[in-house]
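Okay, structure first, notes after.
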Amino acid sequence: MKPNTTETDLATATERHLLNTVGVAPDQAGAPEVLQAVSQAVREQLSQRWVRTQANDRATKARRVYYLSMEFLIGRTFGNALASLGLQGDAAAAAEKHAKTLEDLAAGEPDAALGNGGLGRLAACFLDSMATLGLPSFGYGIRYEYGMFAQSIQGGRQVEHPDSWLENGTPWEFPRAGIGYPVCFGGWVEQPALPGGKAQWRPAAEVNAKAYDMVIPGHGTDKVSTLRLWKAVAPAHIDLHAFNSGDYARAAEVKNQFENISWVLYPNDSTPAGRELRLRQEYFFTSASIQDILARHLEEHPTLDNLHEKVAIHLNDTHPAIGVAELMRLLVDQHGMAWEAAWKITQQTFSYTNHTLMPEALETWAVDLMHHVLPRHLDIIFRINHEFLAFAASKKPDDVEFLRRLSLVSEGGEKRVRMANLSIVGSHMINGVSQLHSDLLVQTIFSDFAYLWPERFTNMTNGVTPRRWLAQANPKLSSLLDQTLGQGWRLNLDELAKLKTAGDNSSFRIAFAEAKQHNKSRLAALIHKTIGLQVDPTSLFDVQVKRIHEYKRQLLNLLHVITRYQEILDNPNGDWQPRTVIFAGKAASSYHMAKQIIRLIHDVAAVINNDRRVGDRLKLAFIPNYGVSVAEVIMPGAELSEQISTAGTEASGTGNMKLALNGALTIGTLDGANIEIGQAVGDDNIFIFGLRTPEVEAQRRAGYQPMRIYEENARLKSVLDAIASGAFSPDEPDRYRGVVDALLWGGDHYFLLADYDSYVSTQLQVDRRFRDRDAWARSAIANVAGMGPFSADRTIGQYAEQIWHVQPRR
Ligand code: 26V
């Protein structure tokens, strides 16, 4: 929607900003300066929308939703902001004056990579949908100075580099000088002298949380939303003594002790980081956010008694779960509310999404640590637990094990606070992120809670924003869709269903295939630019891009690659369908096995890509530094989407949705959202293989024996023997012993060997389908046509209606 302001002439504004804001003579401006100036011109227009949106919400005293998340994986903002304002044409003209294209400019913007993977990117897609649906909403998080590390590959190994995305500032944030809150840590609690009296927290330290707002433009609307990020700042009075006495080093050290809270994103994914600093981060941003929420409420309402009627707070996983105790503390200790009333309000205010079933990823904090960092909150958690267990005991008298499992505090060894349990007890709604995942939550890890409160558990299948993942990332396909369907799909993705018959139209199929070919060439160019490998752009582009994790089974994919390699050598005159297998993804810096898998991919690639006997029939590429911007090039160029996690382990997946939306066919297990994708695109248009969740469970119980599979399967044996004997690491033959041993002797926890045969034979079906280019195009089109339900607009619409009870204002 084009803005109706007095200055739509972006070119004029750009020249003004070059001179007045950037400080450069317009004829001297290079791409970075022009990017800065255009961004400033765009920022002005967003700022005006922002002010209007906020004024409107204040005037109507709107009920608002607050999305609390440790991570927001935003990526770049420039292109998205232009699209939302309908200013791409004007911006291109402004850039043209300086002999630049929009692509030249956009490439200079660093990604805002304030997240690890799926959970963080989902939060960013949700912000886009909340703004677009016009929900009165805020995201709240941390303004990390350093986001997700940058990955380079040296000698086949991952090397991590700091991501200093703020080095040159960002035009998309607005520091809010007037908005800050104290956040306290440590100290002790003075218990009340008389029963019914008040506890007093005497903290040992205090840090300031300072607000920085990022503007989140909506599409097809004047509404914008806000992502408020907190930066930790040492209080001004801090150790003035050291400073005054000239001990600057000591003064700096003390300052750092406070400010390090918002320095760096924890680069772990799905593994508990039992570090005190992370607990401080969680409390820091949660406390600041809730203080801000209460302050806003009290500006519009005389009392906190109606908080739950005006405020919905969503916990994105358990990372902000301490908010349950913090809201209780603020209501009871600071605002003098009675405990019972405060608890009712708290439960009605919070809701919680779980994003993983992996037991090792469920957060717990040692009681001793919590006592040290947040003594008052620990007291509050104990009281919540006491009352909760009394309630639970009334439902199943005499079942001690039941109570033990429900308790917010685990006993047996070191006592720990279970943040998922706290989140459930403190929330009125709890959801998983795909139908399978939500069902498994209720049947497995949360079954005792579901017994108490079945009505609190629900499903909200994830979605992705079609603005970034189709309109922006794939202009070629988008313009074909515009010609065929009109432009409405951007705001109503269900319109893609109209493509269902388009697959029958041969000229549409040809145009569709041309768009894919264009995007494959773009991806091939990225591969060449980043790793110097030439790939055949007519080969089948087979893509697995996501965090590197054992449960996602990149290694299973690699076993297939090696199988194919060996078979090509055995049968050099066979009629092989040429393939390019593409990987990208980061491994947590401390995750040894994941890093070994990256190294193995590189070692295998070095052998295959240089084997003249193979030629173009098989190529293996690892694209370094996977992130949002790299994904925007990969997704449109993919033909086959690898979604091969062990059934029951991937909560949902969202890359699966982005790839299918861009016309890739999925090869996948019946896991996470793959199941719903299959239902939406039809069984003929997806390649499903492998064990199902109950079968995995049954084999685990019966005693799974990977060694037997190895002994009985010559093809598999030959692949594993090659890896184990150093065929891909001749300079160090034992390098991958550990990787193979984990499968053969370590129990193959993720059932790679069990699924191997089914996977390899399904890959042959993929080849066969691909050779019939017409049939492939029909299936690819059916995938795009079926993706309507996987818009984040659908997901957010459901959250708004069923959990948050906030009204869209579109
Ligand atoms: C845990 C931890 C533990 C401490 C260190 C930092 C850290 C960071 C993230 C996590 C939890 C990661 C959970 C996660 O990303 N789950 C993914 O969520 C996606 C969105 O719902 C979903 O599509 C993926 O299937 C799921 O793996």
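Where a number appears in this text, it was derived from the coordinates with a stated rule and is not lab data. Everything numeric in this text was worked out from a predicted model, so none of it was measured. Glycine also receives a Cβ, built like all others from the backbone with ideal geometry; neighbour counts cover every protein chain displayed.
Calculate, for His528 and Gln257, the FRET efficiency according to 1/(1 + (r/R0)^6) with r their C-beta to C-beta distance and R0 41 Å; round to the nearest 0.05.
Working: r = 47 Å, r/R0 = 1.15.
About 0.30, to the nearest 0.05.
Put the Cα centre of the stretch 743-810 next to the Cα centre of the stretch 557-606 and the gap is 22 Å. Among the trypsin sites (Lys or Arg not before Pro) within the stretch 556-663, those in coil by DSSP and having at most 10 neighbouring Cβ atoms inside 10 Å are Arg612, Arg613. Longest stretch of the chain clear of exposed loop sites (GluC sites (Glu not before Pro), DSSP loop, at most 13 other Cβ atoms within 10 Å, sites excluded): 415-810.
Over 47 Å, how big is the tail of the calculated P(r) for the chain, in percent of all Cα pairs?
23
Normalised by the residues of the chain, what does the relative contact order come to in percent, with Cα pairs under 8 Å and at least six apart?
With pairs under 8 Å counted, the relative contact order is 13 percent.
For the residue pairs Lys61/Lys223; Lys476/Lys520; Lys546/Lys586; Lys552/Lys619, the C-alpha atoms sit more than 19 angstrom apart in Lys552/Lys619. Between the amide H of Leu357 and those of Ala651, distances stay under 5 Å, these residues lying 5 or more places away or on another chain, with hydrogens modeled in the peptide plane. The length gained on full extension between Gln54 and Gln334, counted as 0.36 nm times the residue separation minus their Cα-Cα distance, comes to 98.1 nm.
Taken over the stretch 219-371, the percentage of Cα pairs per 5 Å bin, counting from 0 up to the bin with the maximum distance, is 2, 7, 13, 16, 16, 15, 13, 9, 5, 3, 1, 0. Each 10 Å bin from zero holds the following percent of Cα-Cα pairs in the stretch 1-151: 10, 33, 34, 21, 2.
Rounded to the nearest 20, the size of the Cβ-charge dipole of the chain about its Cα centre is 840 debye, with Lys and Arg at +1 and Asp and Glu at -1.
Compared with the direct C-alpha span, the chain from His749 to Gln679 gains 22.4 nm at full extension, assuming 0.36 nm per residue.
Quick check on the chain: of the DSSP beta bridges with both residues there, what percent are antiparallel, nearest 5%? Please list the in-between numbers first.
Details: 35 of 80 bridges.
The answer is about 45 percent antiparallel.
When both the stretch 506-536 and the stretch 642-683 are represented by their alpha-carbon centers, they are found 23 Å apart. You can think of it this way: the chain between Trp188 and Asp772 has 203.1 nm of extra reach, that is 0.36 nm per residue less the Cα-Cα gap.
Take every pair of alpha-carbon atoms less than 8 Å apart whose residues are at least six positions apart; their mean separation over the length of the stretch 266-330 yields a relative contact order of 45 percent. Between the beta carbons of Asn573 and Ser725, assuming R0 = 30 Å, the FRET efficiency works out to 0.65 to the nearest 0.05. Once a ≥ b ≥ c are taken as the square roots of the eigenvalues of the Cα gyration tensor of the stretch 309-374, is the result rounded (a/c under 1.5), prolate (a/b larger than b/c) or oblate (a/b not larger than b/c)? It comes out oblate by the Cα gyration axes.
Bridging of Lys500 to aspartates and glutamates at a Cα separation below 16 Å is possible for Asp482, Asp683, Asp684, Asp774, once same-chain residues fewer than 8 apart are set aside.
To the nearest 0.05, how large is the calculated FRET efficiency for Arg612 and Thr458 if R₀ is 51 Å and r is the Cβ-Cβ distance? After rounding, the FRET efficiency stands at 0.35. Listed by number, the DSSP H helices of the chain that run 20 Å or longer by alpha-carbon position along their axis and have mean Kyte hydropathy of at least -1.0 are 31-59, 118-132, 276-300, 375-395, 506-531, 554-570, 592-609, 752-771. Bridgeable lysines around Lys198 (alpha carbons under 30 Å apart, same-chain partners fewer than 8 residues away excluded): Lys210, Lys310, Lys344, Lys415.
For the pair Thr501 and Ser758, label points projected 7 Å from Cα toward Cβ lie 3.8 nm apart.
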